[in-house]
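The values are calculated or read from the model by the stated rules, or taken from the named source; none is laboratory data. All values derive from a computational prediction rather than experimental measurement. Ideal geometry is used to build each Cβ from the backbone, glycine not excepted, and the neighbour counts take in all protein chains shown. In case anyone asks, the SASA skips ligands and DNA or RNA and just uses the protein heavy atoms, side chains included. Shrake-Rupley method; radii C 1.70, N 1.55, O 1.52, S 1.80 Å.
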Amino acid sequence: MERKVVLVTGSTRGIGKAIITDFAIKGYNVVINYKNSEFEAQILKQELEDTYNIEALIIKADVSKENEVKEMVQQIINKFGKIDVLVNNAGIAIDKEFEDRTVEDWQLTLNVNLIGPFLVSKYVGAEMLKQENGKIINISSTNGINSFFPTSIDYDASKAGLINLTHNLAIQFAPYINVNCIAPGWVNTEMNKCLPKEFIEEETQKIYKKRFAEPEEIAKVVTFIASSDADYINDEVIKIDGGY
């Protein structure tokens with residue numbers, strides 16, 4: 001059977017790495033996208049190919065730059081001939097006090113977290129429409145739903161915008177492409193481990209499960225939504241926060 005192909009943006013670390021690893025476990029050929037971490041991308045490629053006997057393609061691309069997105073999609077088509085699943089995972093967070101935040105901070109955050117998924121979905125979606133089949137999964141956050149922090153006001157806004165983008169793309173690409181959104185709460189990533197200990201303890205107490213999620217717990221929901229078992233799940237926002 002021909003292997004399916006998945007592109008996960010920002011997939012060399014954290015949730016993105018867990019997601020692309022779970023796709024490899026399930027037999028997908030994978031496209032590892034990165035912006036800065038080439039060494040990590042090479043290590044991940046070797047690990048996934050050796051362990052799971054799949055093909056991995058590495059592409060450096062800034063998702064907020066249209067020409068780089070177009071080139072990335074063309075490279076994937078040249079290599080694999082198709083893209084079955086897109087996971088818009090790449091994102092940034094700039095934590096600053098509200099009064100210190102600048103217009104430039106807002107522009108950078110929105111460019112990566114919102115315009116990036118629009119661009120990648122536009123060009124990948126065009127390829128999926130040719131084959132009349134595909135899955136797009138956007139990685140938002142509970143920061144776009146019910147957990148808000150003025151120190152990440154632009155991040156929160158971008159993740160709310162990504163949820164709105166999901167609904168619009170589901171309409172735009174119907175009936176051939178399913179578009180869904182995953183909204184994780186706190187996840188045990190390297191980035192979050194650097195948060196102040198007192199803050200982590202305070203947030204953990206707000207979570208019904210009394211712990212942060214592991215990246216793999218998010219990844220398993222993503223790969224399920226991408227599977228044929230979830231073909232009738234469309235235009236949904238799935239919150240994964242352990243209860244909060």
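What strands (runs of 3 or more DSSP E) lie completely within region 1-65 and have 2 or more residues being among the β-branched types (Val, Ile, Thr), modelled with pLDDT of 95 or more and within 21 Å of residue 225 (Cα to Cα)? Explain how you work it out, then say what you get.
Working: elements: 5-8, 29-34, 56-60.
Fully inside region 1-65 and qualifying: 5-8, 29-34.
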Answer yes or no as to whether residue 90 is buried (at least 18 other Cβ atoms within 10 Å of the Cβ) and either assigned to a helix (DSSP H, G or I) or polar (S, T, N, Q) (or both). no
Does any residue of region 136-157 turn out to be under 19 Å from residue 223 (Cα atoms) and surrounded by fewer than 19 Cβ atoms within 10 Å (Cβ to Cβ)? no
Is it the case that residue 155 is outside any strand (DSSP E or B), out of contact with any Leu (no Cβ under 8 Å at 6 or more places or on another chain) and more than 22 Å from residue 86 (Cβ to Cβ)? no
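Results for (1) hydroxyl-bearing (Ser, Thr, Tyr); (2) buried (at least 17 other Cβ atoms within 10 Å of the Cβ); (3) closer than 21 Å to residue 71 by Cβ, shown as yes or no for each residue.
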residue: 4; (1), (2), (3): no, yes, no
residue: 7; (1), (2), (3): no, yes, yes
residue: 14; (1), (2), (3): no, yes, no
residue: 30; (1), (2), (3): no, yes, yes
residue: 36; (1), (2), (3): no, no, yes
Kindly check whether there is at least one residue in region 196-213 that is open to solvent by 40 Å² or more (accessible area, probe 1.4 Å), modelled with pLDDT of 95 or more, within 30 Å of residue 118 (Cβ to Cβ) and part of a helix (DSSP H, G or I). no
Among the numbered criteria (1) free of Cβ contacts under 8 Å to residues at least 60 places away in the same chain; (2) open to solvent by 60 Å² or more (accessible area, probe 1.4 Å), which single criterion is violated by residue 191? (1)
Whichever residue in region 224-244 is of a type in the set (Ser, Thr, Tyr) and farther than 15 Å from residue 184 by Cα and, among such residues, is most open to solvent (accessible area, probe 1.4 Å): 232
Residue 86 vs. criteria within 16 Å of residue 32 (Cα to Cα), within 15 Å of the chain's Cα centre (by Cα) and not basic (Lys, Arg): yes
